[in-house]
1. Please give, to one decimal in nm, the separation of the simple spin-label points placed at Trp86 and Phe133, each 7 Å out from Cα toward the Cβ.
2. Quick one: if you stick a label point 7 Å off each Cα along the C-beta vector at Ile242 and Leu254, how many nm between them?
3. Normalised by the number of residues in segment 82-222, what is the relative contact order in percent for Cα pairs under 8 Å and 6+ residues apart?
4. How large is ³J(HN,Hα), in whole Hz, for each residue of segment 102-109 in order, when computed from phi with the Karplus curve 6.51 cos²θ - 1.76 cosθ + 1.60 and θ = phi - 60°, using x for Gly and Pro?
5. Using a/c under 1.5 as the rounded threshold, could you call segment 90-190 rounded, prolate or oblate? The axes a ≥ b ≥ c are square roots of the C-alpha gyration tensor eigenvalues, and prolate needs a/b larger than b/c, oblate otherwise.
6. Using alpha-carbon positions, what is the distance between the centroids of segment 93-143 and segment 159-213, in Å?
7. Arrange the peptides 185-197, 164-176 so that the one whose residues have, on average, the most other Cβ atoms within 10 Å appears first.
8. Around Met198, which amide H atoms from residues at least 5 apart in sequence, or from another chain, sit under 5 Å from its own amide H, with H modelled in the peptide plane?
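Every read-out reported here was derived from the displayed coordinates using simple, explicitly stated rules and does not represent laboratory data. These numbers come from a predicted model, not from an experiment. Cβ placement follows ideal geometry from the backbone for every residue including glycine, while neighbour counts extend to all protein chains displayed.
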Amino acid sequence: MWEKATSVSKMSLKLLSFFLCTLTAPNLTGKIGEDTWLPAPQNISMLSTNMKHFLTWNPVIFQGETVRYSVEFQGEYERDYGNESWIPTWECSLITATVCNLTEDISAPVPYNLRVRAHVGLRRSEWGILKGFFNPLTTSLTPPLMKVIADGYHLLVELEDMGPAFQFCVLYWKKGQESRMQQKVVKEVRSVVHLDIMEPGADYCVKAQTYVEVINRSSSFSQTQCVRTQGGRSMGLVTILILAAGFAVAALTLPFLTWKTSKIFQYSCCPIAVIPDTLKISEPPSHLILCGSEEAEQCDLMVPVMPSEEVLQLWIQETL
């Protein structure tokens, strides 16, 4: 009788175990049954750097199924005046990624509750809730990326554009004179920022930190970067030599250019007429013979006529 009762009890336990396994385990095809339990996302955490907030969690994996996720948040107003309601983030509704950008949704400096759930078809898991509150005031601030430039005697710095909420405190000084450190607050980053006029041949150093007025917090300072002024004494000596050479060349060429210019103006405005030698009279005549119309015959007798051969020979001699 005892053995019979024992065997009945064992049979009942086997049936109960089989029934429980049927309810909790997925079927052999890998599909999710209507009564299959869907686990909630685990290891939910918030990554917040430079006022950018990202909620992350571990993926929920089911063979052959696409798992989607939805995220909701609850601020101070919802807890105190909104009957502890939750607000869905439409950018992170039924997404397949395991990260959600909440930067635009939780911008107020108040504590937030955050939760995420998994979806497979029409089934939904329980909510996975972030442990503790998240406050944007606790965001991690990093120093800005920067580049220090020496442009001639001008000290310039390029700063990373981190957004409209960020300002920068820039410290700069002449190397070896840290006690005379100067400060410049940069509220808008456009291109390069002019810091100071440097002394020739000197080294200047710069470092910067990030500041967010909304949360009244600053980052640590960046690594110090130093640059040296181009030039110095050697540059000044080269400049002096170049200027001296220029003055010397100008002093030598200026008189020649002045003389040449005057000659050009002289011949252009008042040219000199040169009489050919053939038209010049070598010896002035001893007397001038005037002949009237009535004494034509006497004039012909008085004027000596030279043969053409002698005229040609005389012209050649004059020409040579």
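1. Using points 7 Å along Cα→Cβ, the separation is 1.9 nm.
2. In this crude label model, Ile242 to Leu254 measures out at 2.1 nm.
3. On the way: 219 pairs, mean separation 29.0, N = 141.
Once divided by the residue count of segment 82-222, the mean separation gives 21 percent.
4. Along segment 102-109, the couplings run 9, 4, 6, 8, 10, 7, 6, x Hz.
5. prolate
6. About 36 Å separates the Cα centre of segment 93-143 from the one of segment 159-213.
7. 164-176, 185-197
8. Placed amide hydrogens put His154, Leu155 under 5 Å from Met198.
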